[in-house]
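Trainee: Following this message is one structure expressed as structure tokens.
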Amino acid sequence: MPVHYTLLNVIKSTIKMIKKFPTGTLLTFLILSIVFVSCQTVKEEAKPKRPNILFIMSDDHAYQAISAYSDHLIQTPNIDRIANEGMLFTNASVTNSICAPSRATILTGKHTHINGKIDNIMPFDTTQVTFPQLFQNAGYETAMFGKLHFGNNPKGVDDFMILPGQGNYINPKFITPKGDTIITGYVTDIITDLTIDWLDKKRNPEKPFLMMYLHKAPHRAWWPSPEKFAEFTKKTFPEPETLFDDYKNRGTAAKMAEMTIMDEMLLSYDNKVLPKAIAELGISDDPRNKRYFEGSEYSRINKAQMSLYQPILDSISKDFKARWPSMTDQEKRSWKYQRYMQDYLGCISSVDDNVGRVLDYLDESGLADNTMVIYTSDQGFYLGEHGWFDKRFIYDESFKTPLLIRWPNQITPGTTTEEMVQNLDFAQTFLEAAQIEAPGDMQGESLMPLLKGNTSQWDREAVYYHYYEYPASHMVKRHYGIVTKEYKLTHFYYDIDEWELYDRKKDPQEMTNVYNDPAYASIVTKLHKELKELRIKYKDSPELDKKYIKIYESM
Ligand code: SGN
Ligand code: CA
């Protein structure tokens with residue numbers, strides 16, 4: 001039976017055959033059996049082959065450090081390939097800009113206040129349905145390698161090797177189904193080796209796969225590989241326009257946050273100045289700095305590795321000792337910014353090289369054509385904008401996250417969308433791609449219309465955001481808000497009660513809070529109403545705000 005046989009053709013030829021042999025019962029039975037088998041073939045043919053899903057996520061990778069978005073800091077040719085051969089999302093955001101909550105939202109397809117993982121501290125309720133479990137139940141083979149950041153026993157994966165908690169860059173420990181193991185080397189290379197090895201040798205080639213390939217890099221404290229450390233300490237990077245932000249015309253929350261390059265970035269732990277160099281200069285230093293540095297990746301470096309790291313560490317300290325004492329405060333901030341960027345971007349460069357290795361493997365193995373590849377981060381990050389590092393705020397650099405998707409024969413190569421999508425939408429998108437029904441209580445929307453270029457079927461005009469982890473590291477106050485393409489309205493609450501409004505078109509760097517500007521009065525009223533409606537739509541409420549404060553305070 002030719003494979004292109006349509007159902008109609010099968011029925012027509014059957015009737016003809018039965019008319020020719022009206023009395024032969026056995027023959028009729030035989031013919032009917034053939035019809036049944038043919039119909040099955042037709043049914044199978046109508047259903048396209050289920051794609052493999054390769055979900056690549058880094059930790060704290062700012063979109064400003066991907067050349068598909070902007071190449072002022074670094075070239076990332078391999079990550080860019082995903083957009084060049086697929087789609088670039090310029091308005092992708094998270095619902096809560098911090099690690100474990102973002103991951104919980106991705107896995108459950110639900111907002112933080114529904115899945116309960118409001119911050120990095122609160123435990124995750126593992127009885128909840130996560131999308132890898134649905135893939136596994138639907139016959140996919142599933143695996144996870146790298147940083148998960150909650151729980152030590154990921155659900156719904158047939159195989160895994162995950163880092164405990166934040167994990168380490170150098171000679172990292174992994175949790176595996178068979179127990180813990182330490183692997184010598186650099187974490188980004190190792191996670192990639194594990195991923196390629198599973199794809200190549202361990203998976204069942206008869207089944208489609210879901211691979212969660214999750215980098216630790218470029219999370220603080222930024223330790224590049226020795227090769228990238230040598231390469232990137234020779235580079236100088238342009239400063240962001242807002243590096244010297246004084247937070248004038250802004251709210252209390254921005255002024256009170258503890259994440260400035262100048263004051264909170266630590267000289268040894270973050271900037272790799274050896275504690276003895278600081279002591280020799282006799283300058284006052286944060287008491288945590290030396291202790292943190294000595295307990296950091298620095299203590300994990302073996303002898304052979306140290307022979308590569310030490311000369312570079314020495315040259316940083318030498319430069320510091322020669323220049324720091326005579327620097328102005330402004331020059332000090334610039335010096336720390338350069339050190340920060342050299343290490344952060346050195347980490348990114350390894351991620352890019354390794355993404356290239358995996359994309360090459362997909363090509364060489366013939367898997368590329370039927371594999372949807374996603375590149376994203378658990379949130380954005382400040383690369384000196386507003387004088388900051390870290391994330392958490394609803395302001396653009398941490399609210400937005402990179403998102404690039406390649407899916408051959410489905411997405412037109414080299415396309416860009418400005419639609420407002422969120423990490424909340426990932427689960428439903430992957431499930432639809434794999435032809436698996438999504439549970440009705442997931443709160444996102446499948447991105448399929450955008451991927452297929454049917455923009456008219458996408459009508460979202462606003463997204464909802466809610467951050468909780470306060471008081472805590474970096475002291476970013478609790479806040480929730482609504483973001484449209486034009487405006488951002490936010491309520492900071494708990495120990496303050498302040499509203500902020502930013503005009504995203506006129507003031508893309510979010511330097512002026514126009515909430516009390518009479519020119520925006522009608523917009524404020526409109527957005528208040530829409531925010532209220534969004535909170536109802538997503539089932540968030542003042543009662544839940546209070547509930548989560550109470551739990552947090554009791555912990
Ligand atoms: C650590 C970092 C913080 C960072 C949090 C959360 N400090 O605590 O700077 O904000 O992780 O990051 S460090 O001294 O341990 O480096 S998250 O990505 O896991 O949410
Ligand atoms: Ca993170």
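Trainee: Based on the Cα gyration tensor of the stretch 243-391, what are the three equivalent ellipsoid semi-axes, each the root of five times an eigenvalue, rounded to whole Å and given largest first? List each step's numbers first, then the result.
Mentor: On the way: eigenvalues 225, 115, 32 Å².
Taking √(5λ) for each Cα gyration eigenvalue gives 34, 24, 13 Å.
Trainee: If R₀ is 22 angstrom, what is the calculated FRET efficiency for the pair ALA304 and ASN152, using the beta carbon separation as r and rounding to 0.05? Show your work: numbers first, answer last.
Mentor: Working: r = 30 Å, r/R0 = 1.38.
Working from the Cβ atoms, E equals 0.15.
Trainee: For the stretch 209-270, what is Rg from Cα atoms divided by 2.2 N^0.38 Å, rounded to two decimals?
Mentor: Values: Rg = 16.7 Å, N = 62, 2.2 N^0.38 = 10.6 Å.
Taking the Cα Rg and dividing by 2.2 N^0.38 Å, one obtains 1.59.
Trainee: Could you bin all the Cα-Cα distances of the stretch 228-307 into 5 Å bins starting at 0 and give me the percent of pairs in each, rounded to whole numbers?
Mentor: 3, 11, 16, 18, 17, 17, 10, 5, 2, 1, 0
Trainee: Enter the per residue convex hull volume of the stretch 80-141, computed from alpha-carbon coordinates, in Å³ rounded to the nearest integer. Write down the numbers at each step before the final one.
Mentor: On the way: hull volume 7.8 nm³, N = 62.
So the per-residue hull volume is 126 Å³.
Trainee: Just need log10 I(q)/I(0) for the stretch 56-190 at q = 0.09, 0.15 Å⁻¹, Debye formula, equal scatterers on the alpha-carbon atoms, no solvent, rounded to two decimals.
Mentor: For the requested q values the scattering log ratios are -0.32, -0.92.
Trainee: 7 Å from Cα along Cα→Cβ at both ASP459 and THR126: what's the point-to-point distance in nm?
Mentor: 4.2
Trainee: Also: So if I place +1 on the C-beta of Lys and Arg and -1 on the C-beta of Asp and Glu, and nothing else carries charge, what would the dipole magnitude of the chain be about its Cα centre? I want it in debye, nearest 20.
Mentor: Working: 65 positive and 74 negative charges, 287 e Å.
Here the size comes out at about 1380 debye.
Trainee: Okay, next question. Which of the listed residues, ILE190, MET262, PRO224, is farthest toward the dipole's positive end in the stretch 136-282, when Lys, Arg count +1 and Asp, Glu count -1 at the beta-carbon?
Mentor: Projecting each Cα onto the dipole axis, the largest value belongs to ILE190.
Trainee: Further, regarding this structure: How long is the gain from LYS276 to LYS505 if the chain were fully straight, where each residue apart is worth 0.36 nm and the alpha carbon distance is subtracted? The partial results should precede the final answer.
Mentor: Working: separation 229, 0.36 × 229 = 82.44 nm, distance 4.82 nm.
The LYS276-LYS505 span can extend by a further 77.6 nm.
Trainee: Percent of Cα-Cα pairs more than 21 Å apart in the stretch 399-500, please. Kindly include the intermediate steps, with their values, before the conclusion.
Mentor: Values: 2440 of 5151 pairs.
The proportion of pairs with Cα distances above 21 Å equals 47 percent.
Trainee: Hey, another quick one. Computed over the Cα atoms, what is the radius of gyration of the stretch 49-96 divided by 2.2 N^0.38 Å, N being its residue count?
Mentor: Details: Rg = 12.3 Å, N = 48, 2.2 N^0.38 = 9.6 Å.
Ratio of Rg to 2.2 N^0.38 Å for the stretch 49-96: 1.29.
Trainee: In nm, give the distance between the simple-model label positions of ASP189 and LYS202, each being 7 Å from the Cα along the Cα-to-Cβ direction.
Mentor: For ASP189 paired with LYS202, the spin-label model returns 2.0 nm.
Trainee: Ok, one more. What is the Å³ per residue value for the convex hull set by the Cα atoms of the chain?
Mentor: On the way: hull volume 99.1 nm³, N = 555.
Residue-normalised Cα hull volume stands at 179 Å³.
Trainee: Can you give me the Cα centroid spacing of the stretch 184-233 and the stretch 487-555 in angstrom?
Mentor: If you average the Cα positions of each part, the centres end up 38 Å apart.
Trainee: Taking 0.36 nm per intervening residue step and subtracting the Cα-Cα distance, what contour gain separates GLU231 from SER554 on full extension?
Mentor: On the way: separation 323, 0.36 × 323 = 116.28 nm, distance 4.75 nm.
Gain in length upon complete extension: 111.5 nm.
Trainee: Mind checking which aspartates and glutamates have their C-alpha under 17 Å from LYS272, skipping anything on the same chain fewer than 8 residues away?
Mentor: Cα-Cα hits under 17 Å: GLU227, GLU231, ASP263, GLU264, GLU280, ASP285, ASP286, GLU294, GLU297, ASP314, ASP319, ASP343.
Trainee: So what's Rg/Rh here for the stretch 456-555, counting alpha carbon atoms and using the Kirkwood radius for Rh? The partial results should precede the final answer.
Mentor: On the way: Rg = 14.7 Å, Rh = 14.8 Å.
Value, to two decimals: 1.00.
Trainee: Tell me, what is the per residue accessible area of the chain in Å², probe radius 1.4 Å?
Mentor: 42
Trainee: Round to the nearest 0.05 the FRET efficiency obtained for GLU239 and ASN137 when R0 = 60 Å and r is the Cβ-Cβ distance.
Mentor: On the way: r = 50 Å, r/R0 = 0.84.
FRET efficiency, GLU239 to ASN137: 0.75.
Trainee: A further question follows. When the accessible area of the chain is computed with all protein chains present and a 1.4 Å probe, what percentage of it is carbon and sulfur? Please list the in-between numbers first.
Mentor: On the way: 12540 of 23450 Å².
Carbon and sulfur together cover 53 percent of it.
Trainee: Grab the DSSP H runs of the chain that are 4 residues or longer, score each as -39,500 (n - 2.57), total them, divide by all residues and round the 222 nm result to the nearest 500 deg cm²/dmol. Working shown, then result.
Mentor: Working: 18 runs with 207 residues, N = 555.
Helix contribution divided over all residues of the chain: -11500 deg cm²/dmol.
Trainee: Viscosity 0.890 mPa s, temperature 25 °C: Stokes-Einstein D of the stretch 415-458 from its Kirkwood Cα radius, in µm² per second?
Mentor: Working: Rh = 10.9 Å.
D, rounded to a whole number, is 226 µm²/s.
Trainee: Moving on. List the lysines whose Cα lies under 20 Å from the Cα of LYS178, skipping any in the same chain that are fewer than 8 positions away.
Mentor: Within reach: LYS147, LYS155, LYS201, LYS202.
Trainee: Explain nothing, just the number: dipole magnitude of the stretch 335-477 about its Cα centre with +1 on each Lys and Arg Cβ and -1 on each Asp and Glu Cβ, in debye rounded to the nearest 20.
Mentor: Dipole about the Cα centre, nearest 20: 460 debye.
Trainee: Normalised radius of gyration for the stretch 138-207, please: alpha carbon Rg relative to 2.2 N^0.38 Å, two decimal places. Mind dumping the intermediate values first?
Mentor: Values: Rg = 12.1 Å, N = 70, 2.2 N^0.38 = 11.1 Å.
Here the answer is 1.10, to two decimals.
Trainee: Still on this model: Taking a quarter of the surface of the convex hull around the Cα atoms of the stretch 354-433, what do you get in nm²? Could you put the intermediate results ahead of the total?
Mentor: On the way: hull surface 27.3 nm².
Convex hull of Cα atoms, orientation-averaged projection: 6.8 nm².
Trainee: Same structure, new question: Cβ neighbours within 10 Å, averaged per peptide: list 257-268, 452-463, 186-197 in order, most packed at the top.
Mentor: Ranking, from highest mean packing down: 186-197, 257-268, 452-463.
Trainee: Test of understanding: what is the full-extension gain from HIS528 to LEU367, defined as 0.36 nm times their sequence separation minus their Cα-Cα distance? Could the numbers behind the result be given before it?
Mentor: Details: separation 161, 0.36 × 161 = 57.96 nm, distance 4.83 nm.
Stretched out fully, the HIS528 to LEU367 stretch lengthens by 53.1 nm.
The values are calculated or read from the model by the stated rules, or taken from the named source; none is laboratory data. Everything numeric here is computed off the predicted structure, so don't read it as measured data. Note that we place each Cβ from the backbone using ideal geometry, even for glycine, and neighbour counts take in every protein chain shown. Calculation scope for accessible area: heavy atoms of the full protein, side chains included, ligands and nucleic acids excluded. Shrake-Rupley method; radii C 1.70, N 1.55, O 1.52, S 1.80 Å.
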